[in-house]
């Protein structure tokens with residue numbers, strides 16, 4: 001009888017220990033999931049930069065529609081307004097869901113680019129805008145590829161992955177526009 005009580009006591013202690021370990025493991029797994037769901041500093045930085053860059057593409061696209069002297073520049077500007085407005089809305093929705101406050105407006109560098117381009121006209125505008133769009137989209141593709149490959153937040157990473165083909169298409173068009181503008 002005494003042996004049965006000892007065995008039963010050991011079994012209860014073992015079961016309690018296994019339950020505690022299991023609960024602790026489930027709690028740790030939930031914490032790990034929570035931590036991976038929250039955007040990292042890099043994810044937030046990417047979202048901020050993408051929001052500002054997208055806003056710049058729209059504003060510069062409108063400027064190209066207005067000031068471009070070639071039909072290619074005007075059409076590219078229109079494409080920038082359409083595609084980046086859509087991407088901006090998608091990013092805003094993702095950011096809101098993930099608790100990220102995006103910056104309103106353009107970065108200092110983008111404001112300077114806008115000011116510089118707004119002073120140009122004709123073929124000078126077309127060449128400068130085309131050069132800027134090639135450089136900008138090369139940098140954007142690099143940033144979006146990095147987030148797509150290594151982002152910690154799934155929603156932001158998915159945004160980068162889904163937007164990347166559009167940016168690659170823009171780069172191809174920007175290069176053709178630059179070539180047509182005489183560069």
Alpha carbon centroid spacing (whole Å) that separates region 73-127 from region 165-183
16
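Classify region 59-183 as rounded, prolate or oblate from the Cα gyration tensor: take a ≥ b ≥ c as the square roots of its eigenvalues, call it rounded if a/c is under 1.5, otherwise prolate when a/b beats b/c and oblate if not.
Details: a/c = 2.33, a/b = 1.78, b/c = 1.31.
Since a/c reaches 1.5 and a/b is larger than b/c, the shape of region 59-183 is classed as prolate.
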Using per-residue counts of other Cβ atoms within 10 Å, averaged over each peptide, order 104-117, 65-78, 42-55 from highest down.
42-55, 65-78, 104-117
Where a ≥ b ≥ c are the square roots of the eigenvalues of the C-alpha gyration tensor, would you call region 126-183 rounded, which needs a/c under 1.5, or, failing that, prolate if a/b is larger than b/c, or oblate?
prolate
For residue 166 and residue 38, extending 7 Å from Cα along the Cα-Cβ vector and measuring point to point gives, in nm, a value of 3.0
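Values quoted throughout were computed directly from the atomic coordinates according to the rules given, and no laboratory measurement underlies them. Predicted model, so just to flag it, every value in this text is computed and none were measured. Every residue, glycine as well, gets a Cβ built from its backbone with ideal geometry; the counts of neighbours run over all protein chains shown.
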